[in-house]
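To start, the structure itself, in structure tokens.
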Amino acid sequence: MIKLYWPFRRSLNITAKFSLLTGISVALAAAAVEFMLFRGSAHILFEQAESHLTTEANIASMILVEEIDNLSSDAVFLSNLHAVLAVLADTSTDAPQGRQSSHDKAHLVDLLVNFARSKPNYNKVRVIGVKNGGEEVLAIERHEDAVYRMPDYELQNKRHRTFYQQSLKLGAGDVYLSDITLNREYGDVIQPYTPVMRASSPVYIDGELYGLIVISMAFKPIFHRIIASSPDHSSMYLTNTEGDILVNPDGSLNFAFEFDEQSVITERVPKALWINETTVTNGVQHFEINHETWLLQMVRAKFDPRHQDRFMGVFLLASEQAMLDKTIGLLNRNLVYLALLVMTCMFIVGVWTRRLLSPLQDVIKASDALVHGDTTISLPLDRRDEIGELARAFDSTRIQLKKKEFAVLQSQAKAVLSAKKAALGDLASGMAHEINSPIQAIKLSAERLIRKLEKGALDSRDLVSLNKVVTSVNRISGIINSLSKISRNSHNENFQSCPVADFIMDAAELVEEKYRVNGIDFSIKYHDGSDAAAIECQRLHLSQVIVNLLNNACDAVKQLDEKWIRIQVNQTERQVIIRVMDSGPGIPADIQKRIFEPMYTTKDIGKGTGLGLSISKTIIHGHGGVLSIDDHCPNTCFILTLNKEHKHGQDGTCC
């Protein structure tokens, strides 16, 4: 099995790996899709092009039919208005004329003006009388955005117009729809050229024809919308039923037949396709002109329910070569889009992964802080995903560690008390000798003074005896005071400034008699002015450490021929260094590795608990210092390195 080597796999973080993996996956998927598109492009893309032509032609047809249907409905609606009926009733020759007639007409004008304003494609609404011989009763006209009533002097007689003659044949509710032609007044085409269709609906009163409602609808905006929405690389043509071109793409042939110019669709499309009804039902047709293949989609938009043979022709023409060029360009564009998609996906996944892993960074920070004893780092405990579960589990572990730490501290405190008791028991015999001597001196002096007092023979020489008594009492008091200090429970002792010589002397006074009895030469030397140096510390804790080291030294050398123990004190600008040395041969390397472990001891059974050095190291660590062994000293030497200033926040409650 060949194992691939990636030189960057170790240098990338998780976010980069996720982004790169996503990019590769998307790129492979995109390449596969693009490959399949290229393989089936000839067939698939032609089908898509043909389907698109069919869809757009049908949409154009539906737009035309819908607009004309709405026009027809509006004409019928207006023909049934009460105001229209009232105004046309007044056009009868035997109808009385008066104030009521003027009121009805003014009311109708308001209705028609508001109606025309709501229909932006309606450029004229007419009310034409039949009883008055085809005269316009009133007309509402649109000029750009303004809608107004035409003055009476501009009203015309329409009895000779085709829409008027045809509308007289209609029943109630029917609509006559004219062809779409350019708008004319008095027989002349009005500029700008406006293609319009007129919808005329008769108005009957009690079964008798009184007039007509005629709406002229401008088709220029509708044509423009249809042409603008036609597919790229295609040409849209609209024709009337006879095949005259109403609209072409560049507008050069629009309504050319109105000016007696030749502009029929058969100049662009083979006549056989134009007249054949199956051209509409068979979908896209293919034909050749000048050795070029074209695609044709024709739809007949039948707009007149009364005459099914009337329609508007919708033609979409597209060059086959142009469609192929468009397809190739689309595929090339797809490649660019796919590349952008890959980069976008990589970016999104990178951002998402970064946000996903951000809470995990909080857990990592809390873990690092916990190593240094800081349990205040907040965790994403409110998340409901796997990271939230991890955070809650870690927080639970952190709480349990705090409880266990507290339990360990309590155990250490108990161990310190046990070690103190063991040390005090060891010191008791030496102190008994030290205290017994001054007590005997006090007793002898007191007995001699009593005898002389009974004889009345006291003199000035007896003051010497009294001074000896006082000195002996002070000696006993000092010993007891040192013992009480070193044995006191110092768990809650605060950090205070203390001269180095003071806590060293507290320990030295407790071992002097023991050293004297065992014949050990003991000395304390201060260098660099360290006898005046002071540090911020827990005095009793450090005294306990010194006592423990001095007791261990005593146990190590008391059986040797050469017995001495030295304390040397040096200082720097920021630290005090205390060396406790003895005449022993040093500590073997294998023992040095374990000597500070709890319960580890080299003493005989019953003579050591194995807690002294472990607790001592914990105390020194709590002071921000270091307890170590001097490997370069030929004898046994322990080094205490203590900072003069205690750093705020350092945990000093070590025992």
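The values are calculated or read from the model by the stated rules, or taken from the named source; none is laboratory data. Just so it is clear, the structure is predicted and the values come from calculations on it, not from any experiment. Cβ atoms come from the backbone with ideal geometry, glycine included; neighbour counts cover every protein chain shown. Accessible surface areas use protein heavy atoms only, side chains included; no ligands, DNA or RNA. Shrake-Rupley method; radii C 1.70, N 1.55, O 1.52, S 1.80 Å.
Quick one: count up the residues across region 156-175 that are open to solvent by 80 Å² or more (accessible area, probe 1.4 Å) and among the polar types (S, T, N, Q).
Of the residues in that region, 2 qualify.
Given the options D531, D521, name the one that is touching a helix residue (DSSP H, G or I) at 6+ places or on another chain (Cβ under 6 Å) and at pLDDT 85 or above.
Numbers: D521 fails: touching a helix residue (DSSP H, G or I) at 6+ places or on another chain (Cβ under 6 Å).
Only one candidate passes the filter, namely D531.
Report, by residue number, each residue of region 134-147 that is open to solvent by less than 30 Å² (accessible area, probe 1.4 Å) and either free of Cβ contacts under 8 Å to residues at least 24 places away in the same chain or not hydrophobic (A, V, I, L, M, F, W, C) (or both).
Of everything in region 134-147, those that are open to solvent by less than 30 Å² (accessible area, probe 1.4 Å) and either free of Cβ contacts under 8 Å to residues at least 24 places away in the same chain or not hydrophobic (A, V, I, L, M, F, W, C) (or both) turn out to be G134, E136, A139.
Out of the residues in region 230-260 meeting the condition of being assigned to a loop (DSSP other than H, G, I, E, B) and in contact with a helix residue (DSSP H, G or I) (Cβ under 7 Å, 6 or more places away or on another chain), tell me which one is surrounded by the fewest Cβ atoms within 10 Å (Cβ to Cβ).
Among those residues, the one meeting the criterion is D232.
Of everything in region 156-191, what is in a helix (DSSP H, G or I) and in contact (Cβ under 8 Å) with a residue 12 or more places away in the chain? Give them in sequence order.
Result: T162, F163, Y164, Q166, S167.
Which condition from (1) modelled with pLDDT under 90; (2) aromatic (F, W, Y); (3) open to solvent by 40 Å² or more (accessible area, probe 1.4 Å) is the one that Y515 breaks?
(3)
Could you grab me the full set of residues in region 199-229 that are among the polar types (S, T, N, Q) and open to solvent by less than 30 Å² (accessible area, probe 1.4 Å)?
S200, S201, S216
Among the residues that make up region 148-155, is at least one of them in a strand (DSSP E or B), without any contact (Cβ under 8 Å) to a residue 60 or more places away in the chain, open to solvent by 60 Å² or more (accessible area, probe 1.4 Å) and out of contact with any Phe, Trp or Tyr (no Cβ under 6 Å at 6 or more places or on another chain)?
Yes: one or more hits.
Give E34, E56, E50 a once-over and let me know the one that is among the acidic types (D, E) and at pLDDT below 70.
E34 is the lone residue from the list that is among the acidic types (D, E) and at pLDDT below 70.
Could you name every one of the strands (runs of 3 or more DSSP E) located completely within region 263-325 that has at least 2 residues being over 56 Å from the mean Cα position of the chain (by Cα)?
In region 263-325, 285-289 are the strands (runs of 3 or more DSSP E) which contain 2 or more residues that are over 56 Å from the mean Cα position of the chain (by Cα).
Tally the residues that are in a strand (DSSP E or B), closer than 11 Å to C498 by Cα and open to solvent by 10 Å² or more (accessible area, probe 1.4 Å), restricting the search to region 518-554.
2
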